[in-house]
1. Give me the number: length gained by fully extending I135 to D151, i.e. 0.36 nm times residue separation minus the C-alpha to C-alpha distance, one decimal in nm.
2. At 222 nm, what helix-only mean residue ellipticity would the chain give, in deg cm²/dmol to the nearest 500, using -39500 (n - 2.57) for each DSSP H run of four or more?
3. With axes computed from alpha carbons, what is the tilt in degrees of helix 49-59 against the longest principal axis of the chain, rounded to the nearest 10 within 0 to 90?
4. For helix 2-18, report the angle its Cα long axis makes with the longest principal axis of the Cα atoms of the chain; keep it between 0 and 90° and round to the nearest 10°.
5. Restricting to Cα pairs below 8 Å that are 6+ residues apart, what does the relative contact order work out to for segment 82-180? Please round to a whole percent.
6. With only Lys, Arg, Asp and Glu charged, each at its Cβ (+1 for the first two, -1 for the last two), find how big the charge dipole of the chain is about the Cα centre; round to the nearest 20 debye.
7. Okay, which of segment 74-114 sit inside 18 Å, backbone N to the point 7 Å along the Cα-Cβ direction of E122?
8. Please list, by residue number, everything in segment 29-51 whose backbone N is under 16 Å from a paramagnetic label point 7 Å out along Cα→Cβ of K14.
Amino acid sequence: MEQMSRNLAFQLKKIRQQRHLSLDDVAKATGVSKAQLAQIEKGEANPTVSTIWKIAAGMRISFSSLLQPPTAHFMRYSGKDIPHVDEDEGRYRVYSIIPYNPERGWEFYKVEMEPGAISRSEAHTEGVEETVMIIKGQAAISAGDMHELLDEGDTLVFSGHQPHEYRNTSEGLTIFHLILQYK
């Protein structure tokens with residue numbers, strides 16, 4: 001918990017200063033008091049998940065970006081420690097390779113889909129762009145009026161601010177890389 005508080009303190013202060021915002025500005029945008037924000041920036045508070053969500057939403061950043069440790073001049077991510085989530089009864093797996101960082105403005109995932117697996121996503125906020133590169137297999141991707149069938153080696157870039165769907169149309173495992181770019 002101490003490390004999380006240190007990360008939150010560092011990231012909140014860094015983002016606030018990069019945007020040239022005062023604590024008053026952040027308090028107005030987030031609904032979190034100036035006093036509590038000051039305590040968080042000093043690492044003297046252990047805010048609730050709800051408070052962290054308020055800060056993320058009010059500053060229009062991802063929740064995870066507030067919890068990331070300070071970045072060095074390089075970062076190495078081990079394939080052994082990659083967190084993932086499953087859906088479609090475990091047939092669709094998303095691995096967070098490089099988490100969101102406001103300095104980069106994007107996050108990077110590896111996705112594995114078993115034959116017939118489907119993932120439906122709600123619309124992201126305006127300005128989110130998705131880039132998909134098929135590493136193995138085949139996937140049908142739909143968003144609005146767009147319906148594309150991608151084969152191994154194909155790359156598709158599309159606006160993620162509309163509901164969209166990924167479907168493995170092959171008879172084997174499909175693997176693709178996914179970049180979410182926030183503008």
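The values are calculated or read from the model by the stated rules, or taken from the named source; none is laboratory data. On a predicted model such as this, the values are computed, not experimentally measured, just so you know. FYI the Cβ positions are ideal-geometry reconstructions off the backbone, even for glycines, and counts take in every protein chain you see. The protein model used for the area step is the full one, side chains on, heavy atoms only, and it has no ligands, DNA or RNA in it. Shrake-Rupley method; radii C 1.70, N 1.55, O 1.52, S 1.80 Å.
1. Details: separation 16, 0.36 × 16 = 5.76 nm, distance 0.85 nm.
That pair, I135 and D151, stretches by 4.9 nm at full extension.
2. Details: 4 runs with 44 residues, N = 183.
Value at 222 nm, helices only, nearest 500: -7500 deg cm²/dmol.
3. Between the helix axis and the principal axis of the chain, the angle is about 80 degrees.
4. 90 degrees
5. It rounds to 33 percent for segment 82-180.
6. Using Cβ point charges on Lys, Arg, Asp and Glu, the chain gives about 1140 debye.
7. 86-88
8. 41-43
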